[in-house]
Amino acid sequence: MHTGGPAPSAGAVDGGGAAGGLLGRRRELDRLRADAERAGLDALSGSPPARCRVLLIAGRPGSGRTALAEEFARQAAADYPDGILRARLSDPDGTPVPTERTARDLLRALAAARGPLAAPPAGAGDVELAEALRAALADRRALLLLDDVAAPEQLHGLLPDGRGCLVLAVSRGPLTGIPDVRPCTLEGLGTEAAVALLEKRAGDTPRVTVDPRAAESLAEACGGRPAALVLVGGWLAAHPTASVAEAARRFGALPDDLPGGAADDAHAPEDASGRVPGGHFGSLPGGLPGALPGGPPGPARAAVPGPRARPAAVARPLVRAFHLVHGSLPPPAARFLRLLALAPAGLADAHTAAALTGCRADEAAAILEAFTGLGLLRTTATPGLYAVPGCLAPVLTAVLEERERPQDVRLARARVLERSARLLRSCRAAAEPPGSPARRAAAELPRALRFGNRAAAAAWLGPRLPGLRAAARDAVADGELDTLARRLAAGLAGALIAHLGHEAAAPELYRLHELLLPVTERRGLHGERAAILLDLGDLDAHAGRPHRALTRYRGALEAARADGGRGGDRSAAAAARALESLGDTYAHLGDDRRAGDWYGRALALCQTRGEPADEARLHGLIGAAHLREGRWEEALRAWRACAAACRRLRDGEAYARALEEVARVQEYAGRGEEARRTRRRALRWGRPGAARGDGGAARSGETGTGGGARSRPAVARWMLEGTPRAAESGSRPAK
């Protein structure tokens, strides 16, 4: 099992991988196995274990830490029959992933593999989701591989209780505050393993074996870092006539710094900002083959929007290795590589790459595959989907800022959002019945953007969901792509509902709604803001958070009123729905006086709009609220008004039900004779064929107040299911 993005394919991580065996690291693997089997400090002291065991692989990005973790997980998989759960706790730009998102994704992955779980509702917070995750793992034996842990606080809520599970954390440094952590610190590969990795990546030519001294010198210059060795080996494979000595000479002549000083050194201390003291702004040499002619000078770097305030530190040998490969690429391919820094969540397929660069999808697919041979990308378990290595993400970002103009960066992002929105529309249409309007609209899209069937669309959506989420977040953070952000969010919501259903998609919808709220505020989209707040309020009410729902509904009412004349009937419908939802929520809280007041306001608005079906329902809701309070006269007036509205609608069944409620209130008020007469009249109208007309909108199954996520039932159905039946219990409502 895997979450946090597509699972890595065998052999895709630096340092070898499962396919060909991990090169070196025998001692580290033995230590990890021994630490996993050793009793903890609590067991030695005789106290029951409070949390599971935690193993830590600490190392700098590019040191092969993820490859070591994957190899250990592969070897230990048989000891954990409930599977391996993977999650990445930092985004490619270094921003820590919220605990809520990680816990929700882990629960979804666990449910997909082991059956349904009682997951918390949409909008649940970090604490509630973390508790649900611990409860789900309490009686299981699973291995949690948590990659790129940014801070110890990220782990506290994710650690399962008991000793059945094992957590394998991958981080840059120590995890202070996590009890009984067993660290395994990674240095560079030994010379023999480093040369073997270089030879493995360099291809079939015997250049490494015929010049072992040069190979050892090159491996030493790379610091034994697997990521740098993979890049250099890829360069050798792409240049079969170049010798290892020539590669070493080129490598040594290249700069070891990036724009913004985003490089560190294994022997140099870092200051609080994560940079090496004395680091300076640098630039790629203009004479490199990858330099774009006519590009902007260094001081006019493009500011790529992103949540990270400072560049992530990168090892200097890795910087040189990247310069070696990047400088050898033709200018179009070099630009293609730089633009991959904009791939959402570091994931790219042919569609994403084609949108970023403006080329055809088949050309993009060929270049992506070629980049994997150079060590610039990693394959995933999803065919055609590639991942930018975490250690290279800050390198690509720094070079992109140096080489690309801001307007080109924004245009590339806009193309990705546009392509993603069209794919999501096609993905949603694939789940619709044949001949539906969505299917007909999708048939007009280019063949490359269409899906053959529902299964193909679902297989595309699942592994790309992290990237689609990230694309929406990036677009909102940009501030200039709000229209495309709204289109993408709407397309993603529609695709999720079509393939998962409303209930399963609710957590993702909640995230999307909250993400779009700032957009509606800064763009003055009051009507859209009202609709989003109404949906959020419904989700909060359904999740048992009535007070938060009240806040949402009040905000929706204010937004609908602010929309005023611009929204027309749509704004009035949103306001009516907000008023009625406020009444529903107060009724749920047992405050019937306030509930009746809000229902009355909604009724007044519906009367001005001329919606008799909604008027009938609201009269009934007011009558039910008065009945629960013991206010007989007010309840009688409301139910009689409801009956009159149902009769105007020519809905005999609803009219009979309203008369029954009138009779019930009359009984409570001590008017037995009137109640008997009213009930006889209700029986006559309730007979088959007694209805006048066809029932109109009141029996259509939906008498909504203007759209939104929650539909309103018909008058007759509401009376059957939603009216308090106090008389059946043999008691009257308390006055």
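Rule-based calculations on the coordinates, nothing more; no lab input. As the structure is a computational prediction, the values presented were derived from the model and not from experiment. Every residue, glycine among them, receives a Cβ derived from its backbone with ideal geometry; neighbour counts consider all protein chains shown.
May I ask you to list the GluC sites (Glu not before Pro) in region 434-509 that are in a DSSP loop and have at most 11 other Cβ atoms within 10 Å of their Cβ?
Glu444
For region 151-218, compute the orientation-averaged projected area of the C-alpha convex hull (one quarter of its surface), in nm².
Across all orientations, region 151-218 yields a mean hull projection of 7.2 nm².
Considering the zone a paramagnetic label at Leu589 would reach in this model (a point 7 Å from Cα along the Cα-to-Cβ line), which residues of region 600-629 have amide N under 19 Å from it?
In region 600-629, the label zone of Leu589 (backbone N under 19 Å from the point 7 Å along Cα→Cβ) covers 600-602, 622, 625-626, 628-629.
Between region 581-644 and region 318-389, what is the separation of their alpha carbon centroids in Å?
Each part's Cα centre sits 61 Å from the other's.
Using a simple charge model, +1 on the beta-carbon of Lys and Arg, -1 on the beta-carbon of Asp and Glu, nothing else, what dipole does region 516-634 show about its Cα centre, in debye to the nearest 20?
About 440 debye.
Note the full-extension length gain between Leu445 and Ala490 as 0.36 nm times their separation in residues minus their Cα-Cα distance, in nm to one decimal.
Additional length available on full extension: 14.4 nm.
What value does region 329-404 have for Rg/Rh, both radii from Cα atoms and Rh as Kirkwood defines it?
That ratio equals 0.92.
What is the Cα radius of gyration of region 618-678 over 2.2 N^0.38 Å, N being its residue count?
1.02
Can you divide the C-alpha Rg of region 53-190 by 2.2 N^0.38 Å and report the result to two decimal places?
Against the empirical 2.2 N^0.38 Å value, I get 1.02 for region 53-190.
Could you list Asp82, Asp408 so that the one with the fewest beta carbons within 10 Å of its beta carbon is first and the one with the most is last?
Lowest count first: Asp408, Asp82.
On a full-extension model of 0.36 nm per residue, what is the gain between Val127 and Arg405, subtracting their alpha-carbon distance, rounded to one decimal in nm?
Gain on stretching Val127 to Arg405: 95.8 nm.
At what distance in nm do the modelled label points of Thr205 and Arg566 sit from each other, each positioned 7 Å from its Cα along Cα→Cβ?
Computed distance between label sites Thr205 and Arg566 equals 6.4 nm.
Report the label-to-label distance for Leu683 and Ala118 in nanometres (one decimal), using points 7 Å from each Cα along the Cα→Cβ vector.
Placing both labels 7 Å along Cα→Cβ, they lie 4.6 nm apart.
Could you tell me the calculated FRET efficiency between Thr95 and Ala644, based on Cβ-Cβ distance and R0 = 60 angstrom, to the nearest 0.05?
My answer for the efficiency is 0.50.
Test of understanding: what is the full-extension gain from Asn453 to Glu363, defined as 0.36 nm times their sequence separation minus their Cα-Cα distance?
Extending this stretch completely gives an extra 29.9 nm.
Between Ala504 and Glu633, take the C-beta separation as r, use R0 = 35 Å, and let me know the FRET efficiency to the nearest 0.05.
FRET efficiency, Ala504 to Glu633: 0.15.
To make sure I understand, if each residue's beta carbon is the centre and we count other beta carbons within 10 Å, what order do Thr209, Thr379, Thr397, Thr585 fall in, fewest to most?
The order, fewest Cβ neighbours first, is Thr209, Thr379, Thr585, Thr397.
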